[in-house]
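Report on the following structure.
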Amino acid sequence: MEFFGEVLAWYGDPANWTGNDSIPVRLWEHLSLSVASLLAGLAIALPIGLYIGHTGRGARLAVAVSNIGRAVPSLGWLGIAYPISTGLFHRGGIGFLPAFIGLVALAIPPVVTNTYTGLREVDADLRETARGMGMREFQVLTQVEVPVALTVILAGIRVSAVAVVATAPLAALVGGGTLGSYILEGLALSDEVRVFAAAVLVALLAILTELGFAWLQRRAVSPGLARPKDQPFAEPAQAAGPGALAS
Amino acid sequence: MIEGQPFFRIDWVIDNLDVLSRRVGEHLLVTVIAVVVGFVISFALALLVRRYPRVYGPILAISGILYAIPSIALFVLFIPITGLSLLTAEIALVSYTLVILVRNIVTGLRGVPAEVIEAATGMGYTDGQRLWRVELPIALPIIVAGLRIATVTTIGLVTIATLIGMGGLGYLIVNIGVQRRFPTATITGVVVVVLLSTLVDLALLALQRRLTPWAKAREA
């Protein structure tokens, strides 16, 4: 109990609310890094996923991307981004940049995989009907395929967003700040209070991200496509294969 | 990266094969403990769900929340209680396997066709016999699929356990590669992690095919 008192005291300590190492600064680093990485990741992954899903061309690329995404650990992305970034930019390549590169790489695979899978799962008859109604390919994509596949696409974005927010603390290893710097400093100084207090913040941030995107996913899906409430939770076809957690 | 240093030094890898194999050993040990313990707990929970289907929702919700906690946070949250120990690392790693394993074991058991269960009951199987001789063999491919995902995920997560002093391949990636600015170690660590995941994944797939010779490969 005494320990939790110390943790609460840490949150209330005015020293943690001003200066370069304050909670607002670390939180801002954490959020700005996460948002920038997610947006950049989406800008790369969505067009690729949409193209592959719509045309069916390059499906092997999609599979390869998702396999690599599963195999390389989150720490691995940051570790590899670091020498690349410092090699290209020397001193300038420490801090935000390696963390950004690593997190973008982390954000891409789930979005490519889910966008591709979502579009592929759209009923072929539906696509044919849309074409028969005189829709252009682009209209078929934006007005039929994407709305129908939206849940799956958003699920991929949610996985990426949570992964980015959850991995951002590791940016502290490469000088990128974030709430993770409290954890690393705390570990180095054996300051369990600081480690614990920061870990709770990181966990809350990730859970809020998860819940926020889950809410978005429910809101954004056309009511006509929403699954009835009493449908069983388990989907054997998905649970059987890798990526079962993506939906 | 230190100025003028080559990006990758194969000679370092060759000189340090003994270190590398030791790190692989550490990595595998931490992984195997987590997956085995996680499987035992998940199996028990799945049996509970088989008997009382109502508990499935809450179990999924709790394991889902655990899964949503970032690994770096979960690895350090128990330090005040269990210190910088293997136990602290395993608590986090086991927590992450639960949602994957419980879901796949339950899904596998629920996928057994009702006629099959009825036939088994009609032949006079007791509940336990039916579980072990009929339901589990049929569910095995989906259970092993879950085991594969859980194992590959765990191998990746163990890299982060180096932050709480567990060594493993994360030690090469972080403690040597990043902190001493030696990219060779980082790249080697990542490549070996990927190789390890792939090999273990294939080994589990081979095991599943041996155990279920009647099932055509139906995994993705």
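The values are calculated or read from the model by the stated rules, or taken from the named source; none is laboratory data. Being a predicted model, the structure only gives us computed values, none of them experimental. For neighbour counting, all protein chains shown are included, and Cβ atoms are generated from backbone atoms with ideal geometry for every residue, glycine included.
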Picked from region B:26-80 (must be aromatic (Phe, Trp, Tyr) and under 30 Å from residue A:1 (Cβ atoms)), the residue nearest to the chain's Cα centre (by Cα) is B:67
Answer from A:140, A:165, A:146, A:122 - the residue that is hydrophobic (A, V, I, L, M, F, W, C) and closer than 20 Å to residue A:69 by Cα: A:165
Would you check if there is a residue in region B:135-145 being closer than 27 Å to residue B:82 by Cα, outside any loop (DSSP other than H, G, I, E, B), in contact with a Ser or Thr (Cβ under 9 Å, 6 or more places away or on another chain) and β-branched (Val, Ile, Thr)? no
Could you check, for region B:172-192, whether at least one of its residues is surrounded by 22 or more Cβ atoms within 10 Å (Cβ to Cβ), of a type outside the set (Ser, Thr, Tyr) and either within 14 Å of the chain's Cα centre (by Cα) or farther than 19 Å from residue A:102 by Cβ (or both)? no
Qualifying positions in region B:1-53 - under 30 Å from residue A:93 (Cβ atoms) and charged (D, E, K, R): B:3, B:9, B:11, B:15, B:23
Expected single match for surrounded by fewer than 20 Cβ atoms within 10 Å (Cβ to Cβ), of a type in the set (Gly, Ala, Ser) and within 22 Å of the chain's Cα centre (by Cα) among A:69, A:118, A:175, A:87 is A:175
Number of the exception - residue A:21 against (1) surrounded by fewer than 20 Cβ atoms within 10 Å (Cβ to Cβ); (2) within 14 Å of chain B (Cβ to nearest Cβ); (3) in contact (Cβ under 8 Å) with a residue 12 or more places away in the chain; (4) not aliphatic (A, V, I, L, M): (2)
Restricting to region A:126-158, name every residue that is of a type in the set (Lys, Arg), in a helix (DSSP H, G or I) and either under 11 Å from residue A:53 (Cβ atoms) or free of Cβ contacts under 8 Å to residues at least 40 places away in the same chain (or both). A:127, A:131
Among the residues listed as A:80, A:52, the single one being of a type in the set (A, V, I, L, M, F, W, C), out of contact with any His (no Cβ under 9 Å at 6 or more places or on another chain) and over 30 Å from residue B:174 (Cβ atoms): A:52
Residue match in region A:92-101 (condition: more than 18 Å from residue A:39 (Cα to Cα) and assigned to a helix (DSSP H, G or I)): yes
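For (1) at pLDDT below 95; (2) polar (S, T, N, Q); (3) within 17 Å of residue A:96 (Cβ to Cβ), each residue gets a yes or a no:
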| residue | (1), (2), (3) |
| --- | --- |
| A:14 | yes, no, no |
| A:22 | yes, yes, no |
| A:32 | no, yes, yes |
| A:37 | no, yes, yes |
| A:43 | no, no, no |
What helices (runs of 4 or more DSSP H) lie completely within region B:1-119 and have 3 or more residues being touching a residue at least 60 places away in the same chain (Cβ under 8 Å) and either within 9 Å of chain A (Cβ to nearest Cβ) or on the phi > 0 side of the Ramachandran plot (or both)? B:71-77
